[in-house]
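Worksheet: the structure to be examined is printed underneath.
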Amino acid sequence: MDNDALHHRLIDGDPQRPWLVFLHEGLGCTAMWSDFAERLCALSGCRGLLYDRRGHGRSPATDVPRTLHYLHAAALQELPDVLARLIAGQPYLLIGHSDGGSIALLHAAERPPLLRAAITVAAHVFVEPMTLDGIRRAVEAWQLGKLQGLARYHGERSTALFEAWSQTWLSPWFRHWNIEYLLPAIRCPLLVLQGCDDQYGSAAQVERIVEQVGGRSEAVFIEDCGHVPHREALPQTLTLMSRFIAAQT
């Protein structure tokens, strides 16, 4: 695929500091970060890179069926292509939310030499019943027309994107998806965040990550917060991330 056409946004900052690369959630895109990326870049002094994965937001559509390894492809093919095209030869940190968090872990396991650290927010490393229950509730909401706001971000492709996401995770063949085997290969510093009330994942997701990664890791559970800490607990999330970034740079 030609990744030159992927929509992206760059944020100014200190050229002596590493880039912050933001990886959106499974139904997300660049616009859904709102002004969070700008605020974190301002606090940290870093430059920022956000992009829409293929099939999301303002990037081109895709007709490639999803497989058990669709997140691997995003982490090991699409993301490296974006980095090579936009910030080649420059150090960076990854900040990934939900699917984006899993992508960050998969990418970090390859130990790219310019990766300084990674932050995951509500990342998954295995499929658990509460994840599937949360997706089933999302499907019910979709069928009742309660998620029409997705069209604001994805336009006429909203239905295709939602169905690809939900049908993949709810398919019997996806129950075996698990990336724990890659965690020991991760050597870069890692900050693992999750809301205590996350409807898509239990504390076991965080615990398995920090117990198995090969480098330094820190886990933080954010109280009174669901699946999107950078929206539901904005001040605390900015503080946690900016402190971690400062310690790595």
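With R₀ fixed at 30 Å, the C-beta to C-beta distance from ASP224 to GLN90 puts the FRET efficiency at about 0.20.
Beta bridges assigned by DSSP with both partners in the chain are antiparallel in approximately 15 percent of cases. Ranking PHE174, LEU106, GLY89 by Cα position along the charge dipole of segment 87-194, where only Lys, Arg, Asp and Glu carry charges on their C-beta atoms, puts GLY89 farthest toward the positive end.
Projecting the Cα atoms of LEU190, GLY226, VAL139 onto the charge dipole of segment 3-248, computed from C-beta unit charges around the Cα centre, puts LEU190 farthest toward the positive end. Of the residues ALA160, ALA117, ALA75, the one that moves most in a GNM of the chain with alpha-carbon contacts below 10 Å is ALA160. Between ASP133 and TYR181, the FRET efficiency from the beta-carbon distance, with R0 = 30 Å, is close to 0.75. On full extension, the segment bounded by ARG243 and ARG216 gains 8.2 nm, given 0.36 nm per residue less the C-alpha separation. For the chain, the relative contact order comes to 20 percent (Cα pairs under 8 Å, sequence separation of at least 6).
All of the numbers you see were taken from the coordinates with simple rules; none came from a lab. In this text the structure is predicted, and so the values were computed from the model without any measurement. As a convention, Cβ positions derive from the backbone with ideal geometry for all residues, glycine included, and neighbour counts pool all protein chains shown.
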